[in-house]
């Protein structure tokens, strides 16, 4: 039964993997080439250009190509670049000493969408700079007029913070917002966490001799001996919990030992697990791991209590495991599922279990840890109580 | 010795036992016969302590197992556990375990169990011959013998058997009868519910249960004459 559980898990894992091949992030479809002409070999201008090139907002949408003036206009004519920027001599020095030499920006005559967009942005940026400059000069003139030059730095500070806030806000337009389907976990960790939960749940199929309902005559005999129904339930679950925990631990050990002999497995383990040296985090992660086994074993116990026979229970465990894992985004991340399904999936026990497994593998995260522990605790109580009532009635 | 005084019991509003009384001495076998659903198993469940009666009293060797106080019934589990062995209609066995492992659940002392298997009552039941077999590979008769073996853990002086021969072949019935005979010879007390006439042979008293009441009948009654009493 254990071998079958592992086989099923591998099969489901493969299906899930194939299903998520298309999840890789596609590169940006539009990236504008911009020609740059530097009229002199100036170190400071080169530095400024490199700085702009490396700005996140610029590098996401622009690709700067350094050209000679002739090459630049030729490229613009051939529409090989959407704009041509000609930087004057002594650009940086001019900015610093107030000479402010002009930067020439050329766009093709019958500009395409990218050029038009860039023109708009350039004009907007130029306007912003004009305003900023006017503010600075205006503040200076005002300070001189009122004999308050000592307060000038304060006024300039205010102007800077205002303009920066405005400019930084604009960054949001360019900034790439990454929506990670796997949350704060990497894809490897995400599937590691899912596989961990699926494996534990499928182990439940192998522990049927321990967890399935005992014959009623056997239970009555136990009751006669002074072992009440509640205690019987607890002991049965506890045996199952121990078996599942030990099997899970054995699987873990096999993976670790494999890592010692196969370097690829070792590197995969390192990608999978984010180590921590903080004792409290280790404690929390251990508690999360323990709680995962408790919750899964109670869930499995509940299924055994619910279903009369062994076959029904094993089938139900398999179907429920796969269905709940799918709805909780364990096979395909839930962001790819319909919104209504996401709402349901987020409330299922598997959602909390995957979250907790992520805490164990991907490192401690207080908020997730707290949420998952509460979720798992509630489900443990609920399933535990329901199992007791079902068994008592049966 | 068993003393049962005016036991009543009901399921919901339906009264099953309406004042049942009888006594059984050491080494005596009491048979309770009656139609299906007349309350034989209910009476045995009360005697075995798995069902709470409404009123009445049950004493084992003069010690109160069930007694009423302030309108409520109280059980002395220690007495019931120590004095009785109970063989219900269904077998209290875990199918996935071997016979030996099943017995180990009820015989905490490993040495004693081995001794019982080699020369004690379990040997008499013939369990030693198939003690290493898995329960779900046993025949009905074998399972019943193991059930009796389980009930005999701790050698209780009273054995309560609920239709032990139901659905068994003649050989099995004979084996069980032989075993019970041996138990009675050792001064054990047996209360047995049965539909088998052959089992009535070894009983010193036969009671017919009808309408929730027990009526002692001539132990020589058989066949139609006995059925007419139901």
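Throughout, read-outs are computed from the coordinates displayed, never taken from laboratory work. These numbers come from a predicted model, not from an experiment. Quick reminder, even Gly has a Cβ in these numbers, built from the backbone with ideal geometry, and neighbours come from all protein chains shown.
Mind telling me which of B:158, B:33, B:135 comes out most flexible in a GNM of chain B, alpha-carbon contacts under 10 Å?
In the Gaussian network model the winner is B:135.
Can you give the % of DSSP beta bridges in chain A that are antiparallel, to the nearest 5?
Numbers: 3 of 14 bridges.
Percentage antiparallel, nearest 5: 20.
Averaged over its residues, how many other protein chain Cβ atoms are within 10 Å of peptide B:79-92's Cβ atoms?
Numbers: counts 0, 3, 3, 0, 0, 1, 2, 4, 2, 7, 1, 5, 3, 10.
Mean partner-chain Cβ count within 10 Å for B:79-92: 3.
Mind computing the radius of gyration and Dmax over the alpha-carbon atoms of the protein assembly as shown? Å is fine for both.
Radius of gyration, then largest Cα-Cα span, for the protein assembly as shown: 42.0, 135 Å.
Provide the FRET efficiency to the nearest 0.05 for the residue B:67-residue B:185 pair, computing r from the beta carbons and using R0 = 35 Å. Intermediate values should be presented prior to the final figure.
Details: r = 32 Å, r/R0 = 0.91.
Efficiency at R0 = 35 Å is approximately 0.65.
Would you calculate the convex hull of the Cα atoms in segment B:2-227 and tell me its volume per residue in Å³? Intermediate results must be reported in sequence, preceding the final value.
Working: hull volume 27.6 nm³, N = 226.
Looking at segment B:2-227, the number lands at 122 Å³ per residue.
Could you work out the mean count of beta carbons from other protein chains within 10 Å of each residue's beta carbon in A:208-216? Can you show the working numbers first?
On the way: counts 1, 4, 2, 0, 3, 0, 4, 7, 3.
If you average over the peptide's residues, the count of other-chain Cβ atoms is 3.
Along Cα→Cβ, 7 Å out, is where each label goes; now give me the distance between the ones at residue B:195 and residue A:151 in nm to one decimal.
11.0
Determine the distance separating the Cα centre of segment A:69-86 from the Cα centre of segment A:215-229; give it in Å without decimals.
Between the Cα centres of segment A:69-86 and segment A:215-229 lies a distance of 90 Å.
Rounded to the nearest 0.05, what FRET efficiency do residue A:73 and residue A:266 have when you use their Cβ-Cβ distance and R0 = 45 Å?
The formula returns an efficiency of 0.20 here.
Please check: in the Gaussian network model of chain A (C-alpha springs, under 10 Å), which one of A:299, A:91, A:149 has the largest mean-square fluctuation.
Of A:299, A:91, A:149, the most mobile in the Gaussian network model is A:149.
Once the Cα atoms of helix A:113-145 and of chain A are each reduced to a long axis, what angle between those two axes, in degrees from 0 to 90 to the nearest 10, is obtained?
70
If I model a spin label at residue A:51 and residue A:160 as a point 7 Å from the Cα along the Cα→Cβ vector, what separation in nanometres do I get?
1.3
Which order do peptides A:119-129, B:77-87, B:42-52 fall in by mean Cβ count within 10 Å, highest first?
On the way: A:119-129: 12.6, B:77-87: 20.5, B:42-52: 22.5.
The packing order, highest mean first, is B:42-52, B:77-87, A:119-129.
Please figure out what share of the DSSP beta bridges in segment B:2-227 is antiparallel and state it in percent, rounded to the nearest 5. List each step's numbers first, then the result.
Details: 26 of 43 bridges.
Within segment B:2-227, antiparallel bridges account for around 60 percent of the total.
Can you tell me which of A:45, A:271, A:142 moves the most in a GNM of chain A? Springs connect C-alpha atoms under 10 Å apart.
For chain A, modelled as a Gaussian network with Cα springs under 10 Å, the answer is A:142.
Report, in degrees rounded to the nearest 10, the 0 to 90 angle that the Cα long axis of helix A:349-362 makes with the longest principal axis of chain A.
Result, in degrees: 60.
Work out the mean other chain Cβ neighbour count within 10 Å for the residues of B:148-160 and drop it here as an integer. Each step should come with its number before you reach the end.
Values: counts 0, 0, 3, 2, 0, 2, 1, 0, 0, 0, 0, 0, 0.
Shielding by partners across B:148-160 averages 1.
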